[in-house]
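Undergrad: The following block contains the structure, expressed as structure tokens.
The values are calculated or read from the model by the stated rules, or taken from the named source; none is laboratory data. Note that the structure is a prediction, hence the values are computed from the model and not measured. Cβ atoms come from the backbone with ideal geometry, glycine included; neighbour counts cover every protein chain shown. What goes into the accessible areas is simple: the full protein's heavy atoms, side chains included, and nothing from ligands, DNA or RNA. Shrake-Rupley method; radii C 1.70, N 1.55, O 1.52, S 1.80 Å.
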Amino acid sequence: MTHSDLIQNLQNQLFSAILESQDIYTEIKSSDKDKSKFQKELLEKYISMKGRNIFFNYISEGKGYGPFCELMDGSVKFDLIGGIGVNLLGHGHPLYIKSHLEAALYDTIMCGNLQTYTPAIDLTKKILGAVSKSRLKHFWFAGSGSFANDTALKIIWQKTAPKYRLIAFKKSFAGRSIAMQEVTENSAYRENMPQMIEVDHVPHFDQYNPDTSLEKTMQALEEVTAKYPNQHCAITLELVQGEGGIIFGDEIYYKEIFKWAKSKGLYIWVDEVQTFGRTDELFAFQKFGLDEFVDVVTVGKALQACGTLYTEDLNPKPGLIAGTFNGSISALICGSKTLDYLQKGNFYGPEGRVKQLENIFIKKLNELKKSEGVISYIGCIGTMIAFGIEDESKDKTTKFIQQLFENGIISFMAGSNPCRIRMLLPLSLNDEHISEIFDLIRKTITEFKE
């Protein structure tokens, strides 16, 4: 037996053993008293080192399967936020395990721009193949979604200099880098920070007033371009605002805005760091039929790698973009496997699993709203779910999320005023899981009202 055969056999054995070990993760479980004490002590030490609190009493064991994850306190919970959208396939997915095992055979951990590896080439080819109906021709890796957005801004600026002013949308979130904290509309994210770039925020689609949304947005766009004539370089937006509370428009709304932007000579930059893979098409811009308009698209999270797609027209001059890392070998391998899995499986289109999950959650949330009278807002598209509780205050929303956590569901919040419960569903959910999840939500509502 050659070394290669031996390694392959051992890898297959380990892969099988890991899958067999996941059989115990089929339902939620309460915490263990002794383990809870240990987790509490470890969290306190970690909080002291970090210098700030952690939202949940959560330390993962790194074990789980599908929608279930095990915590260090011994509890098993439904994970319906997945690292704020990263874990699209669910915990312990065979593709994730395979990616780790294959990466272990490489001689380094990270793949870089100077010394590239085939996983980076494979993923680049596949991501460009997935957008072949658009004008997007190039892809550049980044270390995070924020850095992917920084790359987008840099290549646009280089092309439009000295036009540096940017149009973004209210309730937007673009990241935590110095530039992206300006694109993000929430001023609390840049408290006591100097203004670094000039951004004008216009209203996004208003789901409470859909009939007047386009008119209000177009009016604001005309006002900012009249106020700062010939100074804007691009318009940037999330087609689905995750941090804003799962806010999104329709095809007509976006097409009219993009037609206006093109008439003004503005580049169109779509932030898909969170939406990639989560609507009923692989990209949200494809769902809304915007292939002809997009000049720059940023991706991350569910892809397991981050980067920037852009047209030939925006291909930057040498020296503008670089960076040490493309990503870890395992992440790049996993990105390729994830793309294959999503494109070949029955996930997208009007009959795909993503659309099914959207319809099921909308239906069941509306039933809860009608029967319980606590839910004030429902916003769902694909596997991106949001609902409001009573007055949608941060205090009440936080209380509800924490109670959900105690009852076995990990979710998170979105937005500040209003503030909503957010879920980013794993594709590993089955109908039995969903039935149990809504029993737990109903239980939490009952406790919340007491």
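Undergrad: Only Cα pairs under 8 Å and at least 6 apart count here; give the relative contact order of the range 315-450 as a rounded whole percent. Present the calculation step by step, with values, prior to reporting the outcome.
TA: Details: 143 pairs, mean separation 23.2, N = 136.
Reported relative contact order: 17 percent.
Undergrad: Identify the GluC sites (Glu not before Pro) of the range 336-385 meeting these criteria: DSSP loop state and at most 11 other C-beta atoms within 10 Å of the C-beta.
TA: E351
Undergrad: Label point 7 Å out from Q231 along Cα-to-Cβ: which residues of the range 151-185 have amide N under 11 Å?
TA: Zone members listed by number: 164-166.
Undergrad: Just for the Cα atoms in the chain, what are the lengths along the principal axes, largest first, rounded to whole Å?
TA: 66, 64, 48
Undergrad: Report, to the nearest whole %, how much of the accessible area of the chain belongs to carbon and sulfur atoms, 1.4 Å probe, protein only. Walk me through the intermediate numbers first.
TA: Values: 10910 of 20970 Å².
Accessible surface attributable to carbon and sulfur in the chain totals 52 percent.
Undergrad: Scan the chain and report its longest stretch carrying no trypsin sites (Lys or Arg not before Pro) that are both in a DSSP loop and have at most 16 other Cβ atoms within 10 Å.
TA: 265-450
Undergrad: Tabulate in residue order the Karplus-calculated ³J(HN,Hα) for the range 309-322, using 6.51 cos²θ - 1.76 cosθ + 1.60 with θ = phi - 60°, rounded to whole Hz; enter x for Gly and Pro.
TA: 9, 8, 7, 4, 4, 9, 4, x, 6, x, x, 6, 10, 7
Undergrad: If you roll a 1.4 Å probe over the heavy atoms of the protein chains, what accessible area per residue do you get for the chain, in Å²?
TA: So the chain comes to 47 Å² accessible per residue, rounded to a whole number.
Undergrad: Moving to a separate point now. I'd like the GluC sites (Glu not before Pro) in the range 172-271 restricted to DSSP loop residues with at most 13 other Cβ atoms within 10 Å, sorted by number. Let's see the in-between values first.
TA: Values: sites: E182, E185, E191, E198, E215, E222, E223, E238, E243, E251, E256; in loops: E185, E191, E198, E238, E243.
Listed in order of number, the matching sites are E191, E198.
Undergrad: May I pose another question? Restricting the count to DSSP beta bridges whose residues both fall in the chain, what percent are antiparallel, rounded to a multiple of 5?
TA: 70
Undergrad: Which distance in Å, rounded to a whole number, links the C-alpha centroids of the range 147-190 and the range 253-310?
TA: Using only Cα atoms to place each centre, the spacing works out to 15 Å.
Undergrad: Let me ask something else. When only Cα pairs under 8 Å and 6 or more residues apart are kept, what is the percent relative contact order across the range 1-108? All intermediate terms of the calculation are to be shown ahead of the outcome.
TA: Values: 111 pairs, mean separation 30.1, N = 108.
The normalised contact order for the range 1-108 reaches 28 percent.
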